[in-house]
Structure formats: C-alpha cells, structure tokens
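Accompanying notes for the structure given below.
The values are calculated or read from the model by the stated rules, or taken from the named source; none is laboratory data. This one's a predicted model, so the numbers in the text were calculated from it and none came from an experiment. Glycine also receives a Cβ, built like all others from the backbone with ideal geometry; neighbour counts cover every protein chain displayed. Accessible surface is based on the protein model in full, side chains and every heavy atom, while ligands, DNA and RNA are left aside. Shrake-Rupley method; radii C 1.70, N 1.55, O 1.52, S 1.80 Å.
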Amino acid sequence: MLESWVGGTGQILPAAITALGHSYSFVTRRREHYATPPASHPVLAYAQHLLTTETNDEAALIDFLREQHRLLHFDGVLTICDYYIDTARQVAAALDLPCSFPSSVSSIRNKALLRQALDVAGLANPAYQLVNSWSEAQAAALTIGYPLVIKPTDLASSAYVRLVRNEAELHESYAMLAGFERNFRDQPRERTVLLEAYMHGPEVSVEACTFAGETSILGITDKGLTGEPYFIEESHMFPAALSEDDQMAIIELVRAALNAVGFDHGISHTEVKLTPAGPRIVEINPRVGGNYIAELVDRVSGINLLNATIELALGQRPNVQPRATGIASAAIQFLVPKQAGTLQAIHGQTALANAPHVARWTLSATTGSTIDQPIDNACYLGHVVAVDADGLQARAFASQAAALLEFEFAEQPSLEVASNG
C-alpha cells in the first residue's frame, strides 16, 4: 500500500485487507503524517511491515520496492490516496504485479486530458479552456462567460475549485493557485489551469466496477453541496432519488465516458451534473468514492467496494453481486462549520445518540479546537449516517439528526480604537 488518505476510506481500508485474510506492507515517506495520538492510525496499526522511503521519487521508489519484493514477495499494489494513483500504476508495471487501476490512469486523473478525451469521443462538454498565464485566463473567461468554475487539473477533494462570477474573483483564485506550487503531499504541481462554464443542476456520482474490460454499474449516489463559491460536499445518499429516464441517461453517458478514456480495470467514481441540456461529466475518479460512499453502497446493496478494490489489486475478479440487506437507502450528513474560530462548546450529543434511524455518528472536533474557514472537503467537524428500511428518506433522517447538534464558538474580541482624548 503506497501512502493513504488520513481520513475517510483511509480509516477503514486497512481492516478490510486483514479481514479478507491478507497482509500488507505500508510504504510512506513520512510516518508522522499519519500520527493520530493517542491511538496509532489504522494504516500503521494494521501493517505487517512499515517501509519508509521517498514515495515522491518514482524511479528511486521502484528500485527500493524491487529489492523489497525479492524479500517480501508482494502479490499486488494499491493506494487509497489520489496523489499516488499514478505512482501505484507505475510500480505495478515495473514489478509485473496487478493493481487496482486502469492502464490509462494518468489521463483519467488529469482533468484537462479528461475533457480532451470526451471531445475526441464526441461527448458533450461544458465550454472550457486550458490556461497557463493570467492573461490567458482573462481572455478565456471572456470567451466562456461568467459564472465559470476554476479548477486545478491535478488536485483532489475539491481543493482550490471555485465558482467565479467576475474578473476580480477570477484574479483572486488564479493568484492563489499560481502560488500553490506543490500539492498537499509535497509533489510539484501541474501549472495548467482549467476554466469551464458553470454547469447548473444537481450533482450525482455513478459507482462502477470494470474487470477485463467489462463494466458493471453498481448504482448512483446523489450529492448535496454547500459553501458557495466553494464546492463542499455536505451530504450523500445512495441510491439517488431519480426518475428512470434520468437514471438511463446518466448511465449511458458514463459508460460512453469510461470507454472514451480507456477505463479497462478498477473501481470508478464518475461525477455527473444534471443540467437542463442533459447530463454532463464533471470528472472521473479511478477509485472508490470518498467520504464514506463505500459504506452507503454496502449498507444498501451489500456490495463491498473496498473488498472489490483489494481483489482488483490482486488481479482477482471482484464480487460485485448485490444482496438483500433490508435497507432501502443510506445517507451521510457532514457537519460543515458555519464559521471559523475557536470551538467553545458542542450541544445536543445526547439527543443525537437517541435519534431514530441513525446508524452511527462521529465528531472529529472537540471543545477548544481551532476551526478554519470552510473552503473544501477537509473542513468537516464530524458526520452522521442514517438509514431508511422502507424508502428514500435516509437523507432527511440524517439531516434532522445532524441538526440536533449545535456548535458554539467563542466570541471574537472586539477591536477598540485608541483615542488621544
């Protein structure tokens, strides 16, 4: 396992590997990145071997792992962190091992190359342009028109993705990206920026699994967004409450898009906007959907996407046959802070613990925590998971339960202006 997300699927994949009877070696450049005192992070706690080396130097990493392979006899390669998906594919190829990603993974992850592949396939894209300077961004924005969305081509978790409504906002966002020269894992960044027309409409994601070139659509998840002008994922529900016609149109588009990018192996999480002109691709992720989507899918369909990822990493045909679970829908409501500041108190935990339909809940923030301004999916204070055995009310149940919590922030000290009398 090459690196990992700290939260989300990074918390639950390690136990899933060992539950299937496998063991893994965890390879990281910085063990302290996963420090979660007082307990050890799951990726460290469950690992049979901890290997520390520079994972950002692909050639040196391959040499290091080739020697480790002679000693430890690896059977496959995986990662759960977007920033190491390309690396995992290269390591697998060099060591002649299976992995859980398609052969064309680099062009899938790069948002600019994805747009170009959809163009070649004749699939509808929003108006977009790729820019490499502020003057190019100014000109492109005039061609596309406001509002538009600015996106880095190589980041994850909606980092630095922003709705911009005028040139001043575009300049602010472009300058922030230009100053962000290395990503969150200290890798050099792609400098090209993607500008695309803002797509109006609700957003969903299609969860699918491809093995030996054959794709199985596993279902559609809906997504609630908040925090404009940022795109913070506030909630998910599986399955999405959609008409049959919308489902068919979305699935047809996603199958065509996966074919267009040569997606031949692995789990895919394809984000789609339901615009007035029809569904449009937002992006394709060659991995399990983040933010506990895998848990929602499992609760409803009995399909374990993490197990499927592990099986794909070993070159095995994954088991993605649904089974009865007694749950009609499952949803997660994230606790997005309404402001920045110091958390003074959290009220309502007893009421939440006794709320109906709640499967589980967690708080990641504590009294005294310093909370940053919410701008992306790294801002959550916790989450609530709810289920509905009879229909598609899980989202409402999760939202109602989460509303029982109240986060109280310390008052900011007022600034008094001194007077000379």
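If each of Tyr146 and Ala340 carries a label point 7 Å out from its Cα toward its Cβ, how far apart are those two points in nm?
About 2.3 nm separates the two model spin labels.
Just name one of Asn307, Leu218, Val206: the one whose Cα is farthest towards the positive end of the charge dipole of the chain (beta-carbon charges, Lys/Arg +1, Asp/Glu -1).
With unit charges placed on the Cβ atoms, the residue in question is Asn307.
May I ask you to work out the translational diffusion coefficient for segment 199-282 at 10 °C, viscosity 1.306 mPa s, via Stokes-Einstein with Rh from the Kirkwood sum over Cα pairs, reported in whole µm²/s?
120
Express in whole angstrom the spacing between the alpha-carbon centres of segment 126-193 and segment 214-244.
24
Across segment 81-94, in residue order, what do the Karplus-derived ³J(HN,Hα) couplings come to in whole Hz, using 6.51 cos²θ - 1.76 cosθ + 1.60 with θ = phi - 60° and x for Gly and Pro?
My calculation for segment 81-94 gives 10, 3, 6, 10, 5, 4, 5, 4, 5, 5, 5, 4, 5, 5 Hz in order.
Treating cross-link reach as a plain straight distance, find the lysines whose alpha-carbon is under 20 Å from the alpha-carbon of Lys273, omitting any fewer than eight places away in the same chain.
Within the straight-line limit of under 20 Å, Lys273 reaches these lysines: Lys111, Lys151, Lys223.
What residues have an amide H closer than 5 Å to that of Gln393, excluding those fewer than 5 places away on the same chain, when H is modeled at 1.01 Å from N in the peptide plane?
none
Quick check for me: using +1 on Lys/Arg Cβ and -1 on Asp/Glu Cβ, what's the dipole size of segment 265-421 about its Cα centre, in debye to the nearest 20?
Values: 9 positive and 13 negative charges, 127 e Å.
About 600 debye.
For the ranges 121-133, 210-222, 249-261, what's the packing order if you count other beta-carbon atoms within 10 Å of each residue, average per peptide, and put the highest first?
Numbers: 121-133: 14.9, 210-222: 17.1, 249-261: 19.2.
So the peptides 121-133, 210-222, 249-261, ranked by packing, come out 249-261, 210-222, 121-133.
Provide, as a two-decimal number, the C-alpha radius of gyration of segment 1-138 over 2.2 N^0.38 Å, N being how many residues it has. Can you show the working numbers first?
Values: Rg = 18.0 Å, N = 138, 2.2 N^0.38 = 14.3 Å.
That works out to 1.26 for segment 1-138.
To the nearest whole percent, what portion of all C-alpha pairs in segment 118-191 is separated by more than 15 angstrom?
Values: 1554 of 2701 pairs.
So the pairs more than 15 Å apart make up 58 percent of the total in segment 118-191.
What percent do you get for the relative contact order of segment 90-224 when only Cα pairs under 8 Å and 6+ apart count?
Numbers: 164 pairs, mean separation 30.6, N = 135.
For segment 90-224, the relative contact order is 23 percent.
Would you mind getting the accessible area per residue of segment 62-204, heavy atoms of the protein chains only, 1.4 Å probe, in Å²?
Values: 6090 Å² over 143 residues.
Solvent-accessible surface per residue comes out at 43 Å².
If you filter segment 1-59 for trypsin sites (Lys or Arg not before Pro), then keep DSSP loop positions with at most 14 other Cβ within 10 Å, what is left? Display every interim value, and only then the final one.
Values: sites: Arg29, Arg30, Arg31; in loops: Arg29, Arg30.
Listed in order of number, the matching sites are Arg30.
Which of rounded, prolate or oblate describes segment 1-54 when judged by the alpha-carbon gyration tensor and an a/c cut-off of 1.5? Don't skip to the answer; put the middle values down first.
On the way: a/c = 1.70, a/b = 1.20, b/c = 1.41.
Cα axes put segment 1-54 in the oblate bin.
Determine the shape class of the chain: with a ≥ b ≥ c the square roots of the Cα gyration tensor eigenvalues, call it rounded for a/c under 1.5, and otherwise prolate if a/b is greater than b/c, oblate otherwise. Walk me through the numbers before you get to the answer.
On the way: a/c = 1.22, a/b = 1.13, b/c = 1.08.
Since a/c stays below 1.5, the shape of the chain is classed as rounded.
Between segment 25-49 and segment 74-121, how many Å separate their Cα centres?
24
Which percent of the accessible heavy-atom area of the chain goes to carbon and sulfur, probe 1.4 angstrom?
Details: 9350 of 18730 Å².
Result for the chain: 50 percent of the exposed heavy-atom area is carbon or sulfur.
Relative to the Cα centre, what is the charge dipole magnitude of the chain, using +1 at the beta carbon of each Lys and Arg, -1 at the beta carbon of each Asp and Glu, and rounding to the nearest 20 debye?
Details: 27 positive and 46 negative charges, 105 e Å.
Approximately 500 debye in magnitude.
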